[in-house]
Every structure is written in C-alpha cells, then in structure tokens.
Amino acid sequence: MKIFMDKEELELDLLLHAVYKLSGYDFRKYMRASIKRRVENRLRLERIANMTLLTERIIHDEHMLTKILSDFSINVTEMFRDPGFFQTFRKEVVPLLSGLPEIRIWHAGCSTGEEPYSMAILMEEEGLGAITSIYATDMNEKVLKKAESGIIPLHKMQAYTKNYMLAGGKKSFSEYYTADSEAAYLNKHLLDRIIFAQHNLVTDRSFNEFHVIICRNVLIYFNLELQGHVLNLFNASLTKKGFLGLGSKESIRTETEMFEPFNFKEKFYTKK
C-alpha cells in the first residue's frame with residue numbers, strides 16, 4: 001500500500017530546504033503551523049499562487065529570500081514585558097547573584113533589544129550594573145542593528161513606563177533616556193553594558209558560561225526535538241545552579257533531568 005504525502009506539506013518541506021541551502025538558516029524543525037502562517041501571508045502579499053512558485057522565486061531572487069528570512073524571524077518584544085517576571089527576578093534571583101564577583105547574563109533571541117535594555121536598568125538599580133555583562137543575541141542581523149542603536153519609538157514609552165513601575169522600578173523611568181518628538185534614546189552607559197552579537201540557536205554552539213539565560217517566547221516556535229536541542233545548549237552554557245527564564249506561554253515540556261523549577265509561575269528554572 002502506497003502512502004502519499006500531503007502535497008502542501010511536500011511544498012513546504014522543499015521551500016524550507018531551499019531556504020536552508022541558500023542561507024544556512026534552518027527552519028525545518030520550527031512549529032509547522034507558525035511557519036505555514038508566515039508563508040501564506042507572504043504568498044498573499046506577493047500575489048503568488050502557491051509555495052512551489054514561491055520556492056522558485058527564493059532560488060532566483062535574493063531579495064525574496066531576504067523577505068522570507070525576515071518573515072520567519074519573530075520580533076515581538078517590549079521593555080519589562082510581563083512585569084511579574086522582572087519583579088520576581090529582582091526579588092528572588094538577584095539576591096542569589098549578588099555575592100558573585102561578576103555576573104554574565106545571556107538574552108537569547110533578543111529581537112530589537114527591549115528585554116536586555118530592561119535587564120541593564122534592573123541590574124543598575126540593584127547596584128550590580130558594574131559587575132554585570134549582558135550578552136544579547138539574535139539570528140536576525142537587521143533587528144540586532146536596531147537593538148544596538150538604543151532608539152525606541154516615542155509612542156511606546158508610556159506602556160514601557162507602566163511596565164517598569166509594575167516590575168518594581170525604583171526611579172523615574174525617564175532618567176534612563178532622552179527624547180525628542182519622535183523617539184526615545186537610551187542612555188549610552190546602559191548600552192555599553194550590552195554586547196550584541198549574531199547567534200542562531202538552531203545551528204550555533206555555546207559561546208560562554210552564564211549565570212542567567214533569558215529566552216522568552218522563542219521555544220514556542222520550535223518542535224519538541226528542536227526544543228530539546230536548545231535546552232541542551234542552555235544546559236551546556238549555564239553555571240551550576242544557573243538560572244533559565246522562559247516566556248509566559250512556555251514550560252520545559254521535554255523529558256529532561258537538566259533543570260528544576262525555581263519559580264514555576266514566572267517560568268524560572270535552575271540547572272541541576
């Protein structure tokens with residue numbers, strides 16, 4: 001008896017294989033539903049009839065490949081997003097870090113930098129800014145350049161100020177930036193504490209040993225096999241009893257002996 005593969009799934013497989021071969025970025029183990037939505041949106045925008053024709057365009061048109069890579073890169077973020085997460089970090093995690101001679105924090109999948117900015121402010125307020133190095137990585141070079149600039153659209157600052165206060169902020173939020181009629185500009189001394197670099201969780205290896213890894217709302221886009229791969233990477237990158245912080249919609253779903261809950265409500269884990 002022959003088993004026929006769904007033609008749409010085959011088209012998607014071929015498209016993702018082409019993207020991988022042409023760019024080195026591997027989306028083949030991302031959650032299919034999420035990837036399919038982004039592909040279908042691109043088909044609508046470009047008025048292309050099907051994925052096979054889109055794959056042909058990707059192969060012969062480098063600009064189209066760039067568009068697809070941008071579509072697949074998830075860039076939803078904000079400063080002090082989910083304030084309870086940062087408040088818990090401030091109250092429960094910081095006291096356990098404060099005795100260290102230096103602190104290394106990795107924000108994996110940092111997008112346009114709002115969460116690393118938030119961490120830089122928090123650690124300064126806790127008196128640990130001078131001994132903290134924050135590494136912020138993403139696979140998307142375009143969003144990293146935006147993150148490095150420290151420029152935030154002014155219309156977002158009202159919501160960010162509310163988040164900051166709910167996260168236990170200790171000062172006036174406006175002390176951390178200057179502004180004009182269009183944008184807010186993060187203070188340079190905060191940016192200087194953040195090291196931005198390109199890193200792909202799917203294909204790249206560990207590059208340092210960290211006391212904290214923050215990776216929020218990234219794993220939800222990976223299938224279970226890829227989640228396991230990334231958790232192994234984080235395990236290899238954390239110090240003993242190091243902290244892993246995940247997003248509000250995430251939990252460690254794979255069978256693992258690597259981590260144990262620290263604050264399950266706010267999705268903090270410690271390395272065993």
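In segment 1-160, inverting the average of 1/r over every pair of distinct C-alpha atoms gives 18.6 Å as the Kirkwood radius. Taking a cut-off of 20 Å, what percent of all Cα-Cα pairs in segment 1-94 are separated by more than that? The calculated P(r) of segment 1-94 puts 46 percent of pairs beyond 20 Å.
Most mobile of THR178, THR132, THR112 per a Gaussian network model of the chain (Cα springs, under 10 Å)? Greatest mean-square fluctuation among the candidates belongs to THR178. Cα centroid separation, segment 141-208 to segment 25-49: 29 Å. Mean residue ellipticity, 222 nm, helices only, the chain: the sum of -39500 (n - 2.57) across DSSP H runs of n ≥ 4, divided by residue count and rounded to 500, is -12000 deg cm²/dmol. Once the Cα atoms are used to define both axes, helix 51-60 deviates from the longest principal axis of the chain by about 80 degrees. Projected onto its three principal axes, the C-alpha set of segment 94-170 covers 36, 29, 16 Å, listed from the longest axis down. If R0 is 45 Å, the Cβ-Cβ spacing of LYS272 and SER181 corresponds to a FRET efficiency of close to 0.30.
Cut-off 10 angstrom, C-alpha nodes, Gaussian network model of the chain. Which of TYR20, TYR135, TYR30 fluctuates the most? Its mean-square fluctuation being the largest, the pick is TYR20.
Rounded to two decimals, the Cα radius of gyration of the chain over 2.2 N^0.38 Å is 1.08. Quick one: Debye curve from the alpha-carbon atoms of segment 139-272 only, equal weights, vacuum; give me log10 I(q)/I(0) at q = 0.18 Å⁻¹ to two decimals. The Cα Debye sum returns log10 ratios of -1.16. For the listed residue pairs LYS145/LYS171; LYS142/LYS271; LYS249/LYS271; LYS146/LYS188; LYS240/LYS267, the alpha carbons are over 25 angstrom apart in LYS145/LYS171; LYS142/LYS271. Charge tally around ASP13: other residues with Cβ under 12 Å, Lys/Arg +1 each, Asp/Glu -1 each, net +1. Secondary structure note: in the chain, about 40% of the DSSP beta bridges are antiparallel. Each listed q (0.19 Å⁻¹) maps to a log10 I(q)/I(0) for segment 166-235 from the Debye sum over equal C-alpha point scatterers, namely -0.94. Helix 157-166 and the longest principal axis of the C-alpha atoms of the chain enclose an angle of approximately 60°. From the P(r) of segment 62-103, can you give the percent of Cα pairs sitting at distances over 16 Å? In whole percent, the long-distance tail amounts to 62. Once the Cα-Cα distance is subtracted from the 0.36 nm per residue extended length, the HIS63 to THR161 segment shows a gain of 31.5 nm.
Computed from Cα atoms, the angle from the helix 32-46 axis to the main principal axis of the chain rounds to 70 degrees. ASP13 sits with roughly 50 Å² accessible to a 1.4 Å probe, with DNA, RNA and ligands left out of the calculation.
The values are calculated or read from the model by the stated rules, or taken from the named source; none is laboratory data. Since the structure is predicted, the reported quantities are computational estimates derived from the model, not experimental observations. Positions of Cβ are backbone-derived with ideal geometry, glycine not excepted, and every protein chain shown enters the neighbour counts. Quick note on the areas: whole protein, heavy atoms, side chains included, nothing else; ligands and nucleic acids left out. Shrake-Rupley method; radii C 1.70, N 1.55, O 1.52, S 1.80 Å.
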